[in-house]
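Asks: Before I ask anything, let me first share the structure, which is written out below as structure tokens.
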Amino acid sequence: MSEPLLIAKNDHTEIHLLPQMANRHGLITGATGTGKTVTLQVLAEHFSAIGVPCFMSDVKGDLSGISRAGGGNAKVEARVAQLGLDDFSHSGFPVTFWDVWGEQGHPVRATVSDMGPLLLSRLLNLNDTQSGVLHLVFKIADDNGLLLLDMKDLRSMLQFVGDNARSFTTEYGNVSAASIGAIQRGLLALESQDGDRLFGEPMLDIHDLMQTDGGRGVVNILAADRLMAAPKVYSTLLLWLLSELFENLPEAGDLDKPKLVFFFDEAHLLFDDAPPALVDKIELVVRLIRSKGVGVFFVTQNPADVPDKVAAQLGNRVQHALRAFTPRDQKAVRAAAETMRDNPDIDEAAAIMELGVGEALVSMLDAKGKPGITERALILPPQAQIGPISPAERSATIRGSLIAGHYEKQVDRESAHEILKERAATAAAAAETAAAGKAAAATERAGTQGAGGLLGGLLGGSGRREGVAEALAKSAARAIGSQVGRSLIRGVLGSLLGGKR
Ligand SMILES: Nc1ncnc2c1ncn2[C@@H]1O[C@H](COP(=O)(O)OP(=O)(O)OP(=O)(O)O)[C@@H](O)[C@H]1O
Ligand SMILES: [Mg+2]
């Protein structure tokens, strides 16, 4: 058994987070400036110390300090003294920095195919009809071995399906021009936020998030300050990461400590105007990922930000202060108090409004998985630095990392975009050759046949078109290897996330 992690203390008791209960998830809440980020840092430090890697997004850019030993912080010294932490020492922890834009960390990428139509629909703000068409576009790509890796691929594929909508309608159902147009517009909007940078290869290998260094768990920090300007990209990326973890990790049963702890900061962004179907699926992912040995801790200002059925999955609770200016606030405070296990000696609702910075109502799961009695306590101070490191220190860490260079080189292998372009060129050339030797009337026929050849090949037509289909199948097999796997995986994710596949 891993040692219980001492997280908080008051004058009569010590509060521990049990590592074997960390996969029963958690919730850290509190108004701005009440100590949520430091609490998250303290939890991550403790997990790292017992060899558990963590993933967290750094919304305000104030988490990088975890890589450096603390010291010289009066608030920390005061707390060490107040809590009588005799063997407290300053320490830094191993960190890997990540950044969608590759500036403040190693680039994080997903392929379009892996993201799948459901998450993309959310990313692109599509309605049900449009989302249905996007599902069709994915299916047509899958059926024809066309890889969807980056935005170019998706754009080309949309164009292709749009241009040949009538030919696809019989087999796949209606592909309306308006829906294709809406998806294209969504892509433009995403590109205008530079959100297209998220897509491509090499795709993040989640095992790179699960490393240890000298026995300590690596803390993965995703730069999220810029991502906050595109909240849908942010929440979709994190949701994709969760589903990647879910799909790629084997069943783990009950472990004495988790394989990874995932902190989801600004979690309200995930639930803001999320359709009920998505909330259902998030609940499902959160519930099921537990058996893969992953703990998920949501961090948000108000516990009411998290839908009840998701909150019900979050066993370990740290409730920092809430302000209660309006009747609505007061209701939220009462609700927050009621969701914690009552301590007869504390008026929880009153306490929530009085708590100082770095102080909280804490209730951790006991060894039987039951919520412990709520205690009012001070969160331990972090051993590493509070606040950011310098840009130079950050660059040095990035350059010195084990994965330095791997994700930095984007690869652009043959995929839907290239294949469709090549096919179109071949078809045009065929038409031209035909035109050179024949009369004007014949040219026209050859032209249609050329285009038909492309479509025929993609749709598995016969005759001279077989050549195209075959070549396509071969190049697809070469390029993909795991396309079938991918599409299966997406099937799993699709069903998990409520897709139509
Ligand atoms: N456990 C703690 N030990 C020592 N100091 C703390 C602790 N918790 C908070 N503090 C102090 O309070 C400050 C604010 O805390 P923190 O940044 O965690 O607030 P927050 O809830 O994340 O705020 P925001 O919502 O604005 O991000 C810290 O910079 C630190 O100085
Ligand atoms: Mg914070």
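The values are calculated or read from the model by the stated rules, or taken from the named source; none is laboratory data. Computed from a predicted structure; not experimentally measured. Don't worry about glycine lacking a Cβ; one is built from the backbone with ideal geometry, like all the others, and counts go over all protein chains shown.
Asks: Is the stretch 192-207 home to any residue that is part of a helix (DSSP H, G or I), over 15 Å from Ala110 (Cα atoms) and over 16 Å from the mean Cα position of the chain (by Cα)?
Replies: Yes: the stretch 192-207 contains one or more residues that are part of a helix (DSSP H, G or I), over 15 Å from Ala110 (Cα atoms) and over 16 Å from the mean Cα position of the chain (by Cα).
Asks: Could I ask something else about it? State whether one or more residues within the stretch 379-387 are more than 16 Å from ligand 2 (Cβ to nearest atom), buried (at least 21 other Cβ atoms within 10 Å of the Cβ) and within 26 Å of Asp87 (Cα to Cα).
Replies: For the stretch 379-387, residues more than 16 Å from ligand 2 (Cβ to nearest atom), buried (at least 21 other Cβ atoms within 10 Å of the Cβ) and within 26 Å of Asp87 (Cα to Cα): present.
Asks: Could you pull out the residue among Gly51, Gly65, Gly30, Gly35 that is over 15 Å from Phe298 (Cα atoms) and within 11 Å of ligand 1 (Cβ to nearest atom)?
Replies: Only one candidate passes the filter, namely Gly65.
Asks: Now for a separate question. Is one or more of the residues making up the stretch 389-410 within 15 Å of ligand 1 (Cβ to nearest atom), touching a residue at least 12 places away in the same chain (Cβ under 8 Å) and surrounded by fewer than 17 Cβ atoms within 10 Å (Cβ to Cβ)?
Replies: no
Asks: Report yes if some residue within the stretch 393-400 is closer than 28 Å to Asp99 by Cβ and of a type in the set (Lys, Arg); otherwise report no.
Replies: yes
Asks: If you don't mind, another one. When you go through (1) in contact (Cβ under 8 Å) with a residue 40 or more places away in the chain; (2) surrounded by fewer than 19 Cβ atoms within 10 Å (Cβ to Cβ) one by one for Met115, which number turns out not to apply?
Replies: Of everything listed in (1) in contact (Cβ under 8 Å) with a residue 40 or more places away in the chain; (2) surrounded by fewer than 19 Cβ atoms within 10 Å (Cβ to Cβ), Met115 misses just condition (2).
Asks: Here are some residues: Val233, Val219. Which one is buried (at least 16 other Cβ atoms within 10 Å of the Cβ), within 27 Å of Gly132 (Cα to Cα) and touching a helix residue (DSSP H, G or I) at 6+ places or on another chain (Cβ under 6 Å)?
Replies: From the options Val233, Val219, the qualifying one is Val233.
Asks: Kindly indicate whether any position in the stretch 350-365 is over 30 Å from Ala74 (Cβ atoms) and assigned to a loop (DSSP other than H, G, I, E, B).
Replies: no
Asks: Still on this structure, please answer the following. Exactly one condition in (1) in contact with a Phe, Trp or Tyr (Cβ under 6 Å, 6 or more places away or on another chain); (2) outside the structural domain of Ala224 (by TED's automatic domain parsing); (3) not hydrophobic (A, V, I, L, M, F, W, C) is false for Ser121; which is it?
Replies: All conditions are met except number (1).
Asks: Anything in the stretch 298-329 that is surrounded by 15 or more Cβ atoms within 10 Å (Cβ to Cβ) and among the polar types (S, T, N, Q)? List them, or say none.
Replies: Of everything in the stretch 298-329, those that are surrounded by 15 or more Cβ atoms within 10 Å (Cβ to Cβ) and among the polar types (S, T, N, Q) turn out to be Thr300, Gln301, Asn302, Gln313, Asn316, Gln319.
Asks: From the list Ala252, Ala230, which residue is assigned by TED's automatic domain parsing to the domain that holds Lys309, in contact with a Ser or Thr (Cβ under 7 Å, 6 or more places away or on another chain) and over 23 Å from Leu402 (Cα atoms)?
Replies: Only one candidate qualifies: Ala252.
Asks: Separate question: Which condition number does Gly72 fail, the rest of (1) farther than 19 Å from Val218 by Cβ; (2) assigned to a helix (DSSP H, G or I) being met?
Replies: The single condition Gly72 does not satisfy is (2).
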